[in-house]
């Protein structure tokens, strides 16, 4: 029996859409259910439940990047067609994560009294209940950690259909099970017990689907100690990125509180979260590209160049108009969403952040490429370089410009990050620069710049009502679409868009002939 692993453009597009749905659906469920959970539990117990969600996510760092490493190495061997070696890779990763998960759980058990009694401001009447909840959570840490490797196996095989079959219900359960528990009359401990059970169910599901996709995994359980160094070296740099990344994300809000007021954070956070939620589009693509780049890094390098260049091009074509709309309609959007006061104080913040979000969305592609090529150290080192620069820049701009300065500092930081990542990608994989040029990326940028110029020219000259503005912008976007089809998209792009109509047809990353 011959085994073949094939990655196609249609497969990547299909998986990106699946990942986008997988991220958007739980987000919508959270928006609907959280007010009901607060009403049922009360503010104090909901706060404890929120802490439980945060703790489980934070202690996922005990994964030490091994989930990502598993995806990388499995995809690499799949690309080479060396299916027989998968078993040792997967079970070595799982074995190591069993140990790390147990250590993480034990660490949490040890520090629970300190967290509950000294760190968190828990009401005295809820101290015992909170401790019991956190002890129960400690049992789920190994499960959460191990699940990342088994999910990584499916991602490496481009089986994001199976990943999302588990991921969507599992993530949605985080918000739906508390409602189920409330209907059944459960207290907080019982609700968290349901959440822990759902984690076990997700782990079991990933295991069964991994066996189904790669039958060799259940035929041979082998651990290769020689792989530990590669796993820990690769995963170590991923962990550095996972630690520094959240600091870069939340640093601006801490500085706003320090130099301005808590009220200022209230005006800054909503536009920031609005922009951040739009990142699920490039994040969904990056989730698909990472295992593809890993698989193609040793073979079919011309495909890697093509996927890299066209991913940047498509993101620019999608995110550019989206961010332009957000900039143009920022005051109207904020007025409708949060009221006149937010529209007055947060419009400029939202507009500046939208510019940064565009450059940041493009950076997802070289970030995935570098990690896929086995160089996770480069993005991590860039983060380490950016942290002190960002701290100083944000400190200066926030003190002098307020929350608009915070937005400008973030935009400048992510723009620098994008520039560094693209530069590193070209240096390590020079052919990507040629691929970018051949993909008509220059024409894409010119078309988008033309759209922006015409839009702002008319908006500055004429004082338009929101209805007239919407009609006008719609007309410009139609012209932009026609120009893009005629001058920007080449024959490969047009064939790909035609194939989008066939996405309903099953597309698998693993073909057994």
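Can you tell me the length gained on complete extension of the stretch residue 428 to residue 180, counting 0.36 nm per residue apart and subtracting the Cα distance? List each step's numbers first, then the result.
Numbers: separation 248, 0.36 × 248 = 89.28 nm, distance 5.14 nm.
84.1 nm is the gain from fully extending residue 428 to residue 180.
Given labels modelled 7 Å from the Cα in the Cβ direction, how far is it in nm from residue 10 to residue 36?
3.9 nm
Roughly speaking, what is the stretch gain from residue 99 to residue 341, that is 0.36 nm per residue apart minus the C-alpha to C-alpha distance, in nm to one decimal?
Going from the current span to full extension adds 81.9 nm.
Taking R0 as 45 Å, what's the FRET efficiency between residue 126 and residue 468 from their Cβ-Cβ distance, rounded to 0.05?
Working: r = 55 Å, r/R0 = 1.22.
So the FRET efficiency works out to roughly 0.25.
I need to check one value: relative contact order of segment 247-346, counting alpha carbon pairs closer than 8 Å and at least 6 residues apart, in percent.
Reported as a whole number, the value is 21 percent.
Calculate, in nm to one decimal, what residue 302 and residue 391 gain on full extension: separation in residues at 0.36 nm each, minus their alpha carbon distance.
Contour length minus the Cα-Cα distance gives 28.0 nm.
I'd like to compare 124-135, 12-23: which one has the highest average count of other Cβ atoms within 10 Å, and what's the full order after that?
Most protected by this proxy first, the peptides run 12-23, 124-135.
By count of other Cβ within 10 Å, fewest leading, how are 412, 350 ordered? Display every interim value, and only then the final one.
On the way: 412 19, 350 25.
With the sparsest Cβ surroundings first, the list reads 412, 350.
How high is the relative contact order of the chain, in percent, counting Cα pairs under 8 Å that sit 6 or more residues apart?
22 percent
Go ahead and estimate [θ] at 222 nm for the chain from helices alone: -39,500 (n - 2.57) per DSSP H run with n ≥ 4, summed, over the residue count, rounded to 500.
-28000 deg cm²/dmol
Could you work out how far the C-alpha centroid of segment 400-434 sits from that of segment 267-322, in angstrom?
15 Å
In what sequence, highest mean first, do 230-237, 249-256, 282-289 appear when ranked by Cβ atoms within 10 angstrom?
Highest to lowest by the protection proxy: 282-289, 230-237, 249-256.
Taking the Cα-to-Cβ direction at residue 247 and at residue 135 and moving 7 Å from each Cα, how far apart do the two end points lie in nm?
Once both label points are built, they end up 3.4 nm from each other.
At R0 = 60 Å, how high is the FRET efficiency between residue 449 and residue 224 if r is their beta carbon distance? Nearest 0.05 is fine. Present the calculation step by step, with values, prior to reporting the outcome.
On the way: r = 52 Å, r/R0 = 0.87.
E between residue 449 and residue 224, to the nearest 0.05, is 0.70.
Where in segment 127-142 does the amide nitrogen come within less than 19 Å of the point 7 Å from the Cα of residue 118, taken along Cα to Cβ?
Residues passing the 19 Å test: 127-128, 130-132, 134-135.
So how do 335, 440 line up by other beta-carbon neighbours within 10 Å, fewest first?
Placing the least packed residue first, the sequence is 335, 440.
Every number in this text was worked out from the coordinates using simple rules, so none of it is lab data. Since this is a predicted model, take the numbers as computed values, not measurements. Here the Cβ is made from the backbone with ideal geometry for all residues, glycine too, and neighbour counts use every protein chain on show.
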